[in-house]
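The values are calculated or read from the model by the stated rules, or taken from the named source; none is laboratory data. Here the structure is a predicted model, which means the values were calculated and not measured. Here the Cβ is made from the backbone with ideal geometry for all residues, glycine too, and neighbour counts use every protein chain on show. Surface areas here come from the heavy atoms of the whole protein model, side chains and all, with no ligands, DNA or RNA. Shrake-Rupley method; radii C 1.70, N 1.55, O 1.52, S 1.80 Å.
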Amino acid sequence: MEQIKTNFGREEIIIETGKLAKLADGAVTVRYGGTMVLVTCVCAKEANKTADFFPLTVEYQERTFAAGKIPGGFFKREGKPSEKAVLTSRLIDRPIRPLFPEGMLNETQVVATVLSADGKYDSDILGVIGASCALTISNIPFNGPIAAVKVGLINDEFVLFPTFAELEESKLDLLVVSNEEKVVMIEAGASIVSEEKILEAIKFAHNNIKPLIQIQKDLQKKIGKQKRKDISLMTVSEELYGKIKKDSYNSIKAALQIADKQERLEKTEKIVATFIEKEASEEENFAADVKNAFSKIEKEILRDLVLNEGKRFDGRKFDEVRALSSEIDLLPKTHGSALFTRGQTQSLAVTTLGTSSDEQIIDALEGESKRSFMLHYNFPPFSVGEAKPLRGPGRREIGHGALAAKALEAVLPTKEQFPYTIRLVSEILESNGSSSMATVCSGSMSLMASGVPITKAVAGIAMGLVADGSKFVVLTDIAGLEDHYGEMDFKVAGTEDGVSAVQVDLKNNGIGFDIIEDAFKKAKKARMQILEHMSKTIAKSDADVSVEAPRIVTIKVKADKIREVIGPGGKVIKKIIADTGVDINIEDDGTCQIASANKEALDRAVKIVNEIIAEPEIGRVYDAKVTRIVNFGAFCEFMPNYEGLVHVSEISKEYVKDVTKVLKEGQHVRVKVIEVDEQNRVNLSIKQVEEDNAKN
């Protein structure tokens, strides 16, 4: 067994290998504090010759035993991956995927399993570090090592590897993955932070990553395996490539410069089909080889257009945003809707408002929590002109939805300001580049249209990159073709005041700070342009929620009154709901939400609850009912669950010898509260009501 460690923030990062999972090609455990993750990697011996892309799978598994918990449900074992697990799998996959040899077709699997969770530190960056280390010491070809760092911003100071508690008060949740020289991936959520501050945080993270990379190199020198030489790479035949280039280069170039996506695809597919038909080769995989060669030529043409001819395939300037259009309130019965179109990318966002009973319960390793804002992103096949079976949301949909949610969370009102549960759904109706950022734009407008009082409008934009050595061009608002053949997808979302979310994915081995700074600068300019367009459609949140949405009244109920509102076996609250048709939810802390789209029903229910929780007010007159007569007076019920005594001396200004001669059980009278003693006994007066009436 080998162990390496280094001081990292407030704890040590400890990496061990040679003890667990020894049959894997590479296996390490990474520990920080009481959190530990086992990461393994295995590469198939033979290439998958039917694959047309690198068959890498990354799985992040949460084991509830890691937190000393037993799973819920009937089977008492872990079920399908949680949203957190899916997002972390993507988090590990995205930075390592570009670091394998181009054209590699061997099935490769990386599995990260959480073995211990202390509820203090997140395990996601341990998974990234572990994946890099396992691959680095294995015999699998890998252009690493890399490492990940998380940075918070508290009181304008950067915090390395913040705890869950610290992230609650942090203005920034930044994750950076890099090698020694360049940044490989960025993921960030922020409470409106300037581009300059985020760039500073990225540099801070990069400086702290270097020791983590060094210990991986040290471990590789000690026990690293010789990298495999038998990996066969998918390559394009030079002869076939040359033949296609000579025969079809100009026609491909002309087709690629058709701005309309469908027309361009039809034209390029026709060129490919014509060449295959012309050659009529019976070689195995000939059609696939031709398509790969065409793809290589298309990439070269796109890069040449940008770097040497100074233009984009669709004729736009490098910093030009595609045509924008937007509208709100398309759907008559929803609580809020907005349509945002940028070029051939279109998102329809729909907001639904609910009560606290609609909150999502998150059962995570670090503990149970509730989510009152949900953003769900749907990507049907017709959005890209394809006919495919409809399935549940995949990793991409979950990831895009999480990014858009992160971008919008910074401007949402607090639960005290706006007691609703908010569900925002983005239906992608057309897709040709950065539908997640279109979701941010449509989602922002939909929230405003539904009456959610967000602090500022939020817009998002995706930047691309074409680079050759030190020469590079950052492209604003990349279309699908530029995303496919470019080297970077740099998404930035925010308000006019700053950034709320960043996500950067690369197809090369990293970018320098000059590119990051340029991308931030150009993204800000584009964001301001989009925000200006959006403000013409809707400038601020509507003053009130939609007429279709439920109205919510929040009442604070004292602890000793909660059971009175609920009643034995829920009898009281069920009756209120049955009689009025409202929705009522009472939390353990006494927060009572009453909701209904019918104002009259809402007012009735509020009145009933207020009467139940009301306390006797000295000097106030109430309608009462005589419940019992005793020789010294009469007991009267004057409020729900409240009974007081009218002493014989307070029944009438005349002397009363026999109470039964003046009052009868069941009789309705008007009483005044004259005293509430230390034991909460209430004394009432009928006489003083009559005297007050006489004076008036």
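Listed here are the residues, each with its yes/no results for (1) assigned to a strand (DSSP E or B); (2) not aliphatic (A, V, I, L, M).
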residue: M437; (1), (2): no, no
residue: C441; (1), (2): no, yes
residue: L447; (1), (2): no, no
residue: P453; (1), (2): no, yes
residue: M463; (1), (2): yes, no
residue: V466; (1), (2): yes, no
residue: V474; (1), (2): yes, no
Only one of L87, L91 is in a helix (DSSP H, G or I) and open to solvent by 20 Å² or more (accessible area, probe 1.4 Å); which? L87
Of the residues R97, R90, R63, only one is under 24 Å from the mean Cα position of the chain (by Cα) and under 19 Å from G367 (Cβ atoms); which? R63
Tell me the residue from K556, K525 that is open to solvent by 60 Å² or more (accessible area, probe 1.4 Å), within 35 Å of the chain's Cα centre (by Cα) and over 30 Å from I612 (Cβ atoms), please. K525
Residue list for the range 146-179, restricted to those being open to solvent by less than 10 Å² (accessible area, probe 1.4 Å) and part of a loop (DSSP other than H, G, I, E, B): I146, F161, P162
Among the residues listed as F472, F520, F513, the single one being surrounded by 21 or more Cβ atoms within 10 Å (Cβ to Cβ) and among the aromatic types (F, W, Y): F520
The strands (runs of 3 or more DSSP E) lying entirely within the range 26-67 that contain at least 3 residues which are on the phi > 0 side of the Ramachandran plot are none
Do we have any residue at all in the range 528-537 that's in contact with a Leu (Cβ under 7 Å, 6 or more places away or on another chain), more than 27 Å from E309 (Cα to Cα) and not hydroxyl-bearing (S, T, Y)? yes
Do we find a residue being under 25 Å from the mean Cα position of the chain (by Cα) and crowded, with 17+ Cβ neighbours inside 10 Å anywhere in the range 102-110? yes
If you go through the range 500-516, how many residues are assigned to a helix (DSSP H, G or I) and either under 25 Å from the mean Cα position of the chain (by Cα) or under 17 Å from A462 (Cβ atoms) (or both)? 2
Can you confirm whether the range 252-259 contains a residue that is of a type in the set (K, R), open to solvent by less than 40 Å² (accessible area, probe 1.4 Å) and part of a helix (DSSP H, G or I)? no
Report the residue count in the range 614-629 for those that are part of a strand (DSSP E or B) and not aliphatic (A, V, I, L, M). 5
Count - residues of the range 49-61 that are open to solvent by 40 Å² or more (accessible area, probe 1.4 Å) and either within 12 Å of V110 (Cα to Cα) or in contact with a strand residue (DSSP E or B) (Cβ under 7 Å, 6 or more places away or on another chain) (or both): 3
Can you tell me which residue among I140, I192, I213 is in contact with a strand residue (DSSP E or B) (Cβ under 9 Å, 6 or more places away or on another chain), over 23 Å from L506 (Cβ atoms) and at pLDDT 95 or above? I192
Would you pick out the residues in the range 451-486 that are within 18 Å of F340 (Cα to Cα) and among the aromatic types (F, W, Y)? none
Pull up the range 319-357, narrow it to residues that are of a type outside the set (G, A, S) and under 17 Å from the mean Cα position of the chain (by Cα), then point me to the one that is least open to solvent (accessible area, probe 1.4 Å). T351
Of (1) under 29 Å from G343 (Cβ atoms); (2) assigned to a helix (DSSP H, G or I), F275 fails just (1)
Which residues, taken from the range 625-643, are buried (at least 16 other Cβ atoms within 10 Å of the Cβ) and touching a Leu at 6+ places or on another chain (Cβ under 9 Å)? V626, I629, G633, A634, F635, C636, F638
If I ask for residues that are of a type in the set (V, I, T), touching a helix residue (DSSP H, G or I) at 6+ places or on another chain (Cβ under 8 Å) and either part of a helix (DSSP H, G or I) or surrounded by fewer than 17 Cβ atoms within 10 Å (Cβ to Cβ) (or both), which ones from the range 530-550 would you list? I530, T537
Residues of the range 580-608 being open to solvent by 10 Å² or more (accessible area, probe 1.4 Å) and assigned to a loop (DSSP other than H, G, I, E, B), in sequence order, are G581, E587, D588, D589, A597, N598
Note down all Cβ pairs under 9 Å where the first residue falls in the range 628-639 and is without any contact (Cβ under 8 Å) to a residue 12 or more places away in the chain and under 12 Å from E665 (Cα atoms), the second is of a type outside the set (A, V, I, L, M, F, W, C) and in a strand (DSSP E or B), and they're at least six residues apart or on different chains. F635/T627; F635/R628; F635/E643; F635/G644
If you check K203 against the conditions, is it under 21 Å from R94 (Cα atoms), open to solvent by 70 Å² or more (accessible area, probe 1.4 Å) and not in a loop (DSSP other than H, G, I, E, B)? yes
Tally the residues that are part of a helix (DSSP H, G or I), farther than 26 Å from G343 by Cα, open to solvent by less than 50 Å² (accessible area, probe 1.4 Å) and not aliphatic (A, V, I, L, M), restricting the search to the range 278-313. 2
(1) closer than 20 Å to G399 by Cα; (2) surrounded by fewer than 17 Cβ atoms within 10 Å (Cβ to Cβ): which one isn't true of K69, the others all being true? (1)
